[in-house]
2 protein chains.
Amino acid sequence: MPLTPDGDLCERWRQLMARYHDVSCALERALSQQHELGVSEFETLDLLVKSPYGKQFVHELHAGIHLSQSALSRTVARLEKRGLVTRAMCTNDRRAVSVTPTEEGRRLHAEAAPTHAAVLADHLGELQPQA
Amino acid sequence: MPLTPDGDLCERWRQLMARYHDVSCALERALSQQHELGVSEFETLDLLVKSPYGKQFVHELHAGIHLSQSALSRTVARLEKRGLVTRAMCTNDRRAVSVTPTEEGRRLHAEAAPTHAAVLADHLGELQPQA
DNA sequence: AGACATTACATGCGTACGCATCTAATGTCT
DNA sequence: AGACATTAGATGCGTACGCATGTAATGTCT
């Protein structure tokens, strides 16, 4: 017999959706209102800032984020347009594009990170982990 | 001290996102390929079929689904266009619109429900509940 | 080396979304 | 009753998304 009886699966899914949308909407609102950043943009910036060498290839970012390849490509393009990252062709593999946060990008990330953390604390904080 | 130390919140959020996107994408694919239904459309239909009187007002649906009011309005419009539900003005409160699934709507829901359940079982089944 | 597959990323396209706003109906307060 | 607020739902608008495809570079196989 399964860990969770079949009838509960739907309920589990509903709760997962509810939690996800709650947090996701709150993040979207807070980040975009206070820092003009979307969730995808913040996540991308976050991955970059926290990456070991301070830069990542687009396909490396793709492995760490829940976006289609095309959506990621455009997210990076948006970030570049705003001067938050730079794109550079890789010399070894000229198909690959490495993405590096600019000073401004790091500054904005540092500014937005507390907002991000606060929202998570608000909406994920007192809950016991369960979905 | 909180149930979950602060540093873990980000990790919790990442896992929640991962789980949500995994299930959500799988549902979207399965439902749209096999039944030409989006997740929002299925959820709406599901609420209707399972509602006590077999019909709901739009604002009642809104309370049970994670969609903005405008998105819900359009989802219902899409369902009506495909002949899966009918919209009717309420006589008591002429602002309200009640939504009723048609025979075809019920049939399609019955057809899609097992697909829905199977995807949930696949993607949520063996996991211990946790986010 | 040449043919074919694969990988990395960009882009055209259609669609569903949220926000803001609009209209109409109902509720409230004096 | 008349003025103002609120509620229900529809719609204009801009945007981010995924899918399919395009382009270029790299890998593989004979």
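The values are calculated or read from the model by the stated rules, or taken from the named source; none is laboratory data. The structure presented is a predicted model; accordingly, all values stated were derived computationally and were not measured. A quick note on method: Cβ atoms are made from the backbone with ideal geometry, for glycine too, and the neighbour counts reach across all protein chains shown. Areas reflect the complete protein model, heavy atoms only, side chains present, ligands, DNA and RNA absent. Shrake-Rupley method; radii C 1.70, N 1.55, O 1.52, S 1.80 Å.
Work out from phi, with θ = phi - 60° and the Karplus expression 6.51 cos²θ - 1.76 cosθ + 1.60, the ³J(HN,Hα) of each residue of segment A:114-126, listed in order in whole Hz, and give x for Gly and Pro.
For segment A:114-126, the Karplus-derived couplings read x, 4, 4, 4, 5, 4, 4, 4, 4, 9, 10, x, 7 Hz, x marking Gly and Pro.
I'd like the FRET efficiency for residue B:32 and residue A:25, computed as 1/(1 + (r/R0)^6) with the beta carbon distance as r and R0 of 22 Å, rounded to 0.05.
Efficiency computed from Cβ-Cβ geometry: 0.40.
Over chain A, what is the relative contact order in whole percent, taking alpha-carbon pairs under 8 Å and six or more residues apart?
Taking the mean separation of contacting Cα pairs over the length of chain A, I get 29 percent.
Among A:16, A:84, A:47, whose mean-square fluctuation peaks in a Gaussian network model of chain A (Cα, cutoff 10 Å)?
The residue that fluctuates most here is A:16.
List the residues, sorted by chain then number, that are 5 or more residues from residue B:85 or on another chain and whose placed amide H is less than 5 Å from its amide H.
Counting only residues 5 or more places away or on other chains, the set is B:80, B:102.
If you line up the Cα atoms of segment A:60-107 on their principal axes, what length do they span on each, largest first, in Å?
28, 27, 17
How large is the dipole of segment B:20-121 about the Cα centre if only Lys and Arg carry +1 and Asp and Glu carry -1, each at its Cβ, rounded to the nearest 20 debye?
360 debye
Find how many whole Å separate the alpha carbon centroid of segment B:48-92 from the alpha carbon centroid of segment A:27-65.
If we compute the Cα centre of each part, the gap is 36 Å.
With charges only on Cβ, +1 for K and R and -1 for D and E, what is the dipole size of the protein assembly as shown about its Cα centre, in debye, rounded to 20?
For this selection, approximately 840 debye.
Classify the protein assembly as shown as rounded, prolate or oblate, taking a ≥ b ≥ c as the square roots of the eigenvalues of its Cα gyration tensor: rounded when a/c is under 1.5, otherwise prolate if a/b is larger than b/c and oblate if not.
Prolate shape, in that a/c is at least 1.5 and a/b is the bigger ratio.
Report the accessible surface area buried between chains A and B, summing both sides, using a 1.4 Å probe on protein heavy atoms only, in Å² rounded to the nearest 100.
3100 Å²
Go ahead and set up a Gaussian network model of chain A, Cα springs under 10 Å, then flag whichever of A:114, A:101, A:52 fluctuates most.
Sorting by GNM fluctuation, first place goes to A:52.
Set the Förster radius R0 to 25 Å, insert the Cβ-Cβ distance between residue B:91 and residue B:113 as r into 1/(1 + (r/R0)^6), and round the FRET efficiency to 0.05.
Calculated transfer efficiency: 0.20.
Enumerate by residue number the chymotrypsin sites (Phe, Trp or Tyr not before Pro) in segment B:1-100 meeting two conditions: DSSP loop (anything except H, G, I, E, B), and at most 12 other Cβ atoms within 10 Å of the site's Cβ.
For chymotrypsin sites (Phe, Trp or Tyr not before Pro) across segment B:1-100 that sit outside H, G, I, E and B with at most 12 neighbouring Cβ atoms in 10 Å, the list reads B:53.
To the nearest 0.05, how large is the calculated FRET efficiency for residue A:103 and residue A:74 if R₀ is 25 Å and r is the Cβ-Cβ distance?
0.60
If you roll a 1.4 Å probe over segment A:12-124 with all protein chains in place, what percent of the accessible area is carbon or sulfur?
51 percent
Which one, A:90, A:45, A:124, is farthest towards the positive end of the dipole of chain A when Lys and Arg carry +1 and Asp and Glu -1 on their Cβ?
Projecting each Cα onto the dipole axis, the largest value belongs to A:90.
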